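For reference, the structure is listed below as structure tokens.
The values are calculated or read from the model by the stated rules, or taken from the named source; none is laboratory data. Not measured: the values here are computed from a predicted model. Heads up, the Cβs are rebuilt from the backbone with ideal geometry, glycines too, and the neighbour counts pull from every protein chain shown.
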Ligand code: THU
């Protein structure tokens with residue numbers, strides 16, 4: 001793991017400590033590095049009306065966009081599970097809005113990064129703005 005990856009891990013770890021996950025009991029932290037090198041983090045925020053909850057990745061992406069940035073260079077997801085936790089389907093699509101298939105996706109547990117994959121591996125054939133063109 002590089003120093004850059006460690007900064008992502010630390011940011012996700014801090015965010016995860018603030019997760020609001022009283023219903024699932026499954027706190028998640030996410031951190032992404034934007035193209036400018038800045039790090040944005042998020043945690044899952046659940047709701048008594050269950051479908052209104054949102055994922056850690058969604059929060060991190062929203063923070064990046066609110067800061068005026070539109071390009072993700074790397075993302076890390078941190079959760080405590082026997083298997084490395086991957087972004088959910090919806091968050092894969094949200095990541096694809098701001099990154100290409102080569103995006104590095106680090107999957108981490110509390111002890112550190114367990115696996116590195118790519119957005120292209122997680123979401124082949126992503127729907128994209130190019131599909132919105134009319135024939
Ligand atoms: N969750 C995330 O925040 N990110 C993921 O990548 C997987 C799932 C959250 C959603 C929900 O609050 C809890 O984990 C259980 O699904």
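General remarks:
This table checks each residue for (1) modelled with pLDDT under 95; (2) over 19 Å from residue 119 (Cα atoms).
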position	(1), (2)
5	yes, no
30	no, no
71	no, no
82	no, yes
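- Note on segment 97-120: residues that are within 25 Å of residue 13 (Cβ to Cβ) and out of contact with any strand residue (DSSP E or B) (no Cβ under 8 Å at 6 or more places or on another chain) total 2.
- Test: residue in segment 19-32 that is assigned to a loop (DSSP other than H, G, I, E, B), over 21 Å from residue 6 (Cβ atoms), free of Cβ contacts under 8 Å to residues at least 24 places away in the same chain and away from the ligand (no atom under 12 Å from the Cβ): no
- Leading residue by the ranking (nearest to residue 5 (Cα to Cα)) among those in segment 98-135 that are assigned to a loop (DSSP other than H, G, I, E, B) and free of Cβ contacts under 8 Å to residues at least 24 places away in the same chain: 111
- In the set 87, 82, only one residue is crowded, with 16+ Cβ neighbours inside 10 Å, assigned to a loop (DSSP other than H, G, I, E, B) and within 15 Å of the ligand (Cβ to nearest atom); that residue is 87.
- Considering residues of segment 54-79 that are within 16 Å of the ligand (Cβ to nearest atom) and part of a loop (DSSP other than H, G, I, E, B) only, the residue farthest from the chain's Cα centre (by Cα): 79
- Here segment 99-112 is the region considered, the condition is being buried (at least 19 other Cβ atoms within 10 Å of the Cβ) and either closer than 14 Å to residue 41 by Cβ or away from the ligand (no atom under 15 Å from the Cβ) (or both), and the residue that is nearest to the chain's Cα centre (by Cα) is 106.
- From 12, 7, residue being surrounded by 18 or more Cβ atoms within 10 Å (Cβ to Cβ) and not in a loop (DSSP other than H, G, I, E, B): 12
- Hey, residue 38 surrounded by fewer than 13 Cβ atoms within 10 Å (Cβ to Cβ), more than 9 Å from the ligand (Cβ to nearest atom) and modelled with pLDDT of 95 or more or not: no
- Residue 94 vs. criteria part of a strand (DSSP E or B) and either out of contact with any strand residue (DSSP E or B) (no Cβ under 9 Å at 6 or more places or on another chain) or more than 14 Å from the ligand (Cβ to nearest atom) (or both): no
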